[in-house]
Amino acid sequence: MSIRSFDQLEKIVHRLKPMRIVVVSSEDEEVLIGIKLALSKGIVIQPILVGNSRQIGKILSSLNENLKDYQIVHSQSHEESARIAIKMIKSGEAHILAKGKIKTSDFLKAILDKEQGIKASGLLSNLTLFEMSSYHKFIGITDMAIIPLPGLEEKVEIINNSYILWQALGIESPKVAVLAAVEVVNPRMQATTDAACLSKMADRDQIHNFIIDGPLSYDVALDIESARDKGVLHSKVAGDPDMLLVPNLESGNILGKSLKIHGGAKSGAIVFGARVPVMINSRSDSAERRFYSTLLARAIAENRNLCIDYSEKIES
C-alpha cells in the first residue's frame, strides 16, 4: 500500500531508528522549532546545529530546550556553516543535510563544489510534495527551486532523480503529468514537444519505472472530468498523477506557492542528486513544513538501505 498523507508517512517513519541531521545556518526560530518537533517525535537524534552559537543557544533556551540534546557548532558566516555541515556529511557524522537561514544559492553552491561538495548524480533537482484536501493522494511538483529552464535531457534527469522518493512512499510506477498550456503538440511551444518526447520515451522504456503522459494542461492533469471534456480519453495519468513536471522554475514556484497559500496544502521539500537527502525549505516556510521535509528525508535515507517495511497496514 502506498503512503498518501503526511500522517501516514509519520507512522511509518516512527518505526525507524532516528538519524542525525546537520542544519546549515541554524540561527532561525522556525528552523529550530521544526528540528525540535522532529527530535521530540524521535525522527532525529542529537541534531547538529551549525551557525552563530550564541543566537542558536538563545533561541533554544526561549523554546525551553535542553542544549545538551543538541550539538552546536559555531561558525562565522553562512558560507562557513555550509562547509562545516558538508564536511560532517562526508565524514558520516550526519546522514541528512538541511538548509536553515542561508540563501538557497549559497547552500547549493556548497553542495556542488567540485572538490568539497557532495553532488552524486548529473543534476541536482528539487521536488516539493503536497497534500491537499482537494486531491486524493500526494502530488509532487518539480522543479520549482533549482533548474530555471530545463531542456529535454534535464527533464529526463529530473524525473529519474525523483524515483527514490516514490520508492520510499511505496509507489513502484509513479505517474508523471508533463504540464503545458495545452494538450496538443505545437512546434512553437517547446513545453509541448518536450512533453511528447518524454511520453514516448517512457513508452519505449527509455525512461524506466515511470508512467508519463503529456502535454497535459493543469486541469486535464488533475481532473478526470476536465480530461474527458477536452477529449483526453485514454490517458493513464490524467486525473491521477503522482508528479507534475513543470516547464520552468517560475511556473512551478508560482503553482507551488499558490497551493500553499490559497489551497491550504501541507508540503515538504527535498533536493535529489546529492550523496544524502537534502532539505531545502523556503525561508518563509513554517516549522510544520520543515518537519514534513524531515519525514521525507528520513524515509528516503532509509530507502537507500532498502529497509522500509510496508507489510504493516497503513491507517488512513
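The numbers here are math on the coordinates, done by the rules we state, and not lab data. Remember, it's a predicted structure, so these values are computed and weren't measured experimentally. Every residue, glycine among them, receives a Cβ derived from its backbone with ideal geometry; neighbour counts consider all protein chains shown.
Given only helices, namely DSSP H runs of n ≥ 4 each adding -39500 (n - 2.57), what is the per-residue ellipticity at 222 nm of the chain, to the nearest 500 deg cm²/dmol?
-12000 deg cm²/dmol
Which of LYS99/LYS119; LYS58/LYS266; LYS17/LYS41; LYS11/LYS99; LYS119/LYS257 have a Cα-Cα distance over 18 Å?
Over 18 Å Cα-Cα: LYS58/LYS266; LYS11/LYS99; LYS119/LYS257.
With both partners inside the chain, how many of the DSSP beta bridges are antiparallel, as a percent to the nearest 5?
Counting only bridges with both partners in the chain, antiparallel ones make up about 35 percent.
Using the 10 angstrom Cβ neighbour count as an exposure proxy, how do HIS95, HIS74, HIS234 rank, fewest first?
Going from sparsest to densest Cβ surroundings: HIS234, HIS74, HIS95.
So, R0 is 30 Å and r is the distance between the beta-carbons of GLN190 and GLN116; what FRET efficiency does that work out to, to 0.05?
Efficiency at R0 = 30 Å is approximately 0.25.
What is segment 182-261 by shape, rounded, prolate or oblate, if you read a ≥ b ≥ c off the alpha carbon gyration tensor as root eigenvalues and call it rounded for a/c under 1.5, prolate for a/b larger than b/c, and oblate otherwise?
Rounded, because the longest to shortest axis ratio a/c is under 1.5.
Test of understanding: ordering LEU49, LEU127, LEU67 by Cβ neighbours within 10 Å, fewest first, what list do you get?
So the residues, fewest neighbours to most, are LEU67, LEU127, LEU49.
Let a ≥ b ≥ c be the square roots of the eigenvalues of the Cα gyration tensor of segment 121-273; is it rounded (a/c under 1.5), or, if not, prolate (a/b larger than b/c) or oblate?
rounded
So how do ARG188, ARG298 line up by other beta-carbon neighbours within 10 Å, fewest first?
Fewest to most other Cβ atoms nearby, the residues stand as ARG188, ARG298.
Helix 287-304 sits at what angle to the longest principal axis of the chain, using alpha carbons and giving 0 to 90 degrees rounded to 10?
80
Once every Cα of segment 54-160 carries one equal point scatterer and solvent is ignored, give the base-10 log of I(q)/I(0) from the Debye formula at q = 0.23 Å⁻¹, two decimals.
-1.26
Would you work out if the chain is rounded, prolate or oblate? Take a ≥ b ≥ c from the square roots of the eigenvalues of the alpha-carbon gyration tensor; rounded if a/c is under 1.5, else prolate when a/b is larger than b/c, oblate otherwise.
Verdict is prolate for the chain.
For segment 265-291 and segment 1-33, compute the distance between their C-alpha centroids and round to whole Å.
10
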